[in-house]
Amino acid sequence: MSWISSASPAFDGQDTENRLFGPLPDVSAEAGYTDDHPRRVGFFTDTSVCIGCKACEVACKEWNTLPMDDSHGVKDQIGLSGMSYDNTGMLGANSWRHVAFIEQSRAVDLPMPTHRRPGDDRQGTGPSPAASGDPDSLARASASVLNAEALSEYDPQTGQSGTDKQIRWLMSSDVCKHCTHAGCLDVCPTGALFRTEFGTVVVQGDICNGCGYCVSACPYGVIDTRKDDGRAFKCTMCYDRLTDGLMPACATACPTQSIQFGDLDELQTRADARLATLKAQGVETARLYGRDEDDGVGGAGAFFLLLDEPEVYGFPPDPIVTTRDLPAMWKAAAAGAAMIVGVVASAFVGRKRS
């Protein structure tokens with residue numbers, strides 16, 4: 001099996017006849033809206049300040065009157081996932097926002113003296129090992145220093161000491177990416193999915209026929225169908241609120257401004273500045289995900305600042321719109337069909353001559 005990266009020379013987005021991939025300066029105009037349409041809006045989710053309160057999940061459910069479901073997407077069921085504090089489990093037809101709880105731990109050889117609290121000797125409260133002259137104490141102290149340095153590299157954004165550094169929580173509120181090139185939109189046969197004047201992608205439940213093509217076309221696994229009626233649902237970025245000049249419910253409810261909503265260009269500039277700040281503070285693992293307009297979906301309308309690899313958060317590392325190669329596939333199919341027609345025609349001509 002061969003893999004094609006979105007960074008390959010063949011995927012440069014320069015083919016003006018193929019609008020299924022590459023950067024698009026104005027997605028709304030591409031969808032047919034007039035020049036006076038609103039500017040494209042989006043989400044910037046800064047996971048470094050997410051506290052996992054799930055206010056966004058609750059606000060999304062309440063505003064959109066989404067049914068209750070368990071971690072497996074079963075409607076009207078209450079259940080614990082057994083996976084930390086995350087009982088939503090994943091995005092689905094009934095959960096358009098999902099706060100992921102990712103617990104990272106590293107085994108550390110911490111000294112555990114019996115006559116004082118663990119970690120006290122790392123904070124200068126105990127007698128100096130050098131004063132005692134004990135080689136074992138000196139070795140333990142050296143190992144403690146080395147472990148502290150390793151932990152500082154492991155989690156540079158915290159200034160905590162002692163055993164607290166063994167655990168790190170990564171929290172992130174996931175949502176539909178509202179891609180520049182949305183595979184779900186490209187494959188929908190009924191027009192149930194459409195691009196709004198704000199550049200977002202919305203599903204019209206009353207038009208969806210439940211074919212499920214959009215589910216397999218999404219490179220992020222966001223869109224899903226309800227088991228009872230088969231129709232597809234996902235985040236609409238609160239399209240009804242946008243038309244009234246309001247922010248989406250999730251961004252309104254977020255207490256730490258982890259979810260920021262607004263003009264997409266302004267959000268990208270803000271995200272670049274935030275990333276530079278974290279890098280300057282020593283958070284070398286910080287990165288932006290979905291920010292690059294040259295990636296496999298032409299950039300996302302909802303992008304993220306992450307503190308680790310995308311795979312840690314459940315994101316594909318190199319998403320590619322699944323309809324990217326449709327023009328080439330149709331050309332190949334047409335060529336094959338023409339060849340078959342030619343063979344059949346020549347057979348009939350040869351038969352008449354004989």
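The values are calculated or read from the model by the stated rules, or taken from the named source; none is laboratory data. Here the structure is a predicted model, which is why all the values come from computation and not from measurement. Note that each Cβ is placed from the backbone with ideal geometry, even for glycine, and that neighbours are counted across all protein chains shown. Each accessible area value is taken on the protein alone, full model and side chains, heavy atoms only, with ligands, DNA and RNA left out. Shrake-Rupley method; radii C 1.70, N 1.55, O 1.52, S 1.80 Å.
Within region 329-339, is there a residue that is open to solvent by 70 Å² or more (accessible area, probe 1.4 Å), aliphatic (A, V, I, L, M) and closer than 30 Å to A217 by Cβ? Within region 329-339 (the criterion being open to solvent by 70 Å² or more (accessible area, probe 1.4 Å), aliphatic (A, V, I, L, M) and closer than 30 Å to A217 by Cβ), the answer is yes, since at least one residue qualifies. Across region 267-287, the number of residues qualifying as in contact with a Lys or Arg (Cβ under 9 Å, 6 or more places away or on another chain) and either under 24 Å from K61 (Cα atoms) or without any contact (Cβ under 8 Å) to a residue 24 or more places away in the chain (or both) comes to 1.
Of the residues making up region 278-301, those that are farther than 15 Å from P23 by Cα and small (G, A, S) number 3. The criterion of being touching a strand residue (DSSP E or B) at 6+ places or on another chain (Cβ under 9 Å), open to solvent by less than 20 Å² (accessible area, probe 1.4 Å) and assigned to a helix (DSSP H, G or I) does not hold for L305. Looking only at region 323-342, which residues are modelled with pLDDT of 80 or more and either of a type in the set (V, I, T) or in a strand (DSSP E or B) (or both)? Correct list: I340, V341.
Go over the candidates D36, D46 one by one and state the one that is of a type in the set (D, E, K, R) and at pLDDT 95 or above.
Numbers: D36 fails: at pLDDT 95 or above.
Criteria check complete, one pass: D46.
Of the residues examined, S216 is one that is open to solvent by 40 Å² or more (accessible area, probe 1.4 Å) and under 19 Å from the mean Cα position of the chain (by Cα).
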